[in-house]
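Q: Sharing a structure below in structure tokens format, with a few things to ask.
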Amino acid sequence: MRIHQGTFSFLPDLTDAQIEKQIAYIIRNGWAVSIEYTDDPNPYNTYWNMWGLPMFDLEDPAGAMYEFKKCREAFPKHYIKVNGYDSSPMWQAQRVSFIAHRPTQDDPGFRLKRTLWSDGRVQKYGLEPYVVDKPAGERY
């Protein structure tokens, strides 16, 4: 199973040169670059850990690539994504986000879990990743 989140998720993994070109695109548009990582890629997990601070005044993609590579060295078994944040007054939102690094193992997949019994015979279900069976930091 392959987790599909963000821009480019249905394409093959990007090379470092392609990631650098995407960072250059983010900078060219005047957006801030940020790098985030997690070991729980559940689609409902929107709060990934941030690597450093967002880079608002970046003019060269080499700085963001350096930080991305340092994050990948520190967390080789985590998912890492690159975000482009538009801080202009009419937007103030994330404009682009893509997974730039995946663990070498296959994506773990999800199981259907009964989350709630309600009145009558109605049952509700949710997704739970298999990876949460292990403690944080040891998931891959």
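The values are calculated or read from the model by the stated rules, or taken from the named source; none is laboratory data. Computed from a predicted structure; not experimentally measured. Glycine also receives a Cβ, built like all others from the backbone with ideal geometry; neighbour counts cover every protein chain displayed. Accessible surface is based on the protein model in full, side chains and every heavy atom, while ligands, DNA and RNA are left aside. Shrake-Rupley method; radii C 1.70, N 1.55, O 1.52, S 1.80 Å.
Q: Before we move on, is P89 in a loop (DSSP other than H, G, I, E, B) and more than 21 Å from F8 (Cα to Cα)? Outline the logic, then answer.
A: Working: in a loop (DSSP other than H, G, I, E, B): yes; more than 21 Å from F8 (Cα to Cα): yes.
Answer is yes for this residue.
Okay, residues lined up against (1) touching a Phe, Trp or Tyr at 6+ places or on another chain (Cβ under 8 Å); (2) at pLDDT 95 or above:
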{"site": "K21", "(1), (2)": "no, yes"}
{"site": "P41", "(1), (2)": "yes, no"}
{"site": "T46", "(1), (2)": "no, no"}
{"site": "M55", "(1), (2)": "no, no"}
{"site": "E59", "(1), (2)": "no, no"}
{"site": "A64", "(1), (2)": "no, yes"}
{"site": "C71", "(1), (2)": "yes, yes"}
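Q: Please identify the pairs in which a residue from the range 127-140 that is more than 16 Å from P103 (Cα to Cα) and at pLDDT 70 or above has its Cβ atom under 7 Å from the Cβ atom of a residue that is of a type in the set (A, V, I, L, M, F, W, C) and open to solvent by less than 80 Å² (accessible area, probe 1.4 Å), counting only partners at least 6 apart or on another chain.
A: If the second residue must be of a type in the set (A, V, I, L, M, F, W, C) and open to solvent by less than 80 Å² (accessible area, probe 1.4 Å), the pairs left are L127/F110; E128/F110.
Q: Applying the selection to the range 23-78, what residues are more than 23 Å from T104 (Cβ to Cβ), polar (S, T, N, Q) and in a loop (DSSP other than H, G, I, E, B)?
A: Across the range 23-78, the qualifying residues are N29, T46.
Q: Here's a follow-up. Within the range 33-54, which residues are more than 12 Å from the chain's Cα centre (by Cα) and surrounded by fewer than 20 Cβ atoms within 10 Å (Cβ to Cβ)? Give the steps one after another, and end with the answer.
A: Just the residues of the range 33-54 that are more than 12 Å from the chain's Cα centre (by Cα), to begin with: 33, 52-54.
G52, L53, P54, listed by residue number.
Q: Given the structure, is E36 out of contact with any Lys or Arg (no Cβ under 8 Å at 6 or more places or on another chain), touching a residue at least 40 places away in the same chain (Cβ under 8 Å) and acidic (D, E)?
A: Values: out of contact with any Lys or Arg (no Cβ under 8 Å at 6 or more places or on another chain): no; touching a residue at least 40 places away in the same chain (Cβ under 8 Å): yes; acidic (D, E): yes.
Spelling it out, it is not the case that E36 is out of contact with any Lys or Arg (no Cβ under 8 Å at 6 or more places or on another chain), touching a residue at least 40 places away in the same chain (Cβ under 8 Å) and acidic (D, E).
Q: Could you list, in sequence order, all residues of the range 81-101 that are within 15 Å of Y47 (Cβ to Cβ) and in contact (Cβ under 8 Å) with a residue 40 or more places away in the chain?
A: Our first condition is that a residue be within 15 Å of Y47 (Cβ to Cβ); within the range 81-101, this holds for 81, 83, 94, 97.
If the condition is that a residue be within 15 Å of Y47 (Cβ to Cβ) and in contact (Cβ under 8 Å) with a residue 40 or more places away in the chain, then K81, N83, S97 are the ones that fit.
Q: Residue under question is Y85, and the condition is that it be open to solvent by 30 Å² or more (accessible area, probe 1.4 Å), within 18 Å of the chain's Cα centre (by Cα), farther than 19 Å from Q5 by Cα and modelled with pLDDT of 90 or more; does it hold?
A: Criteria not met by Y85.
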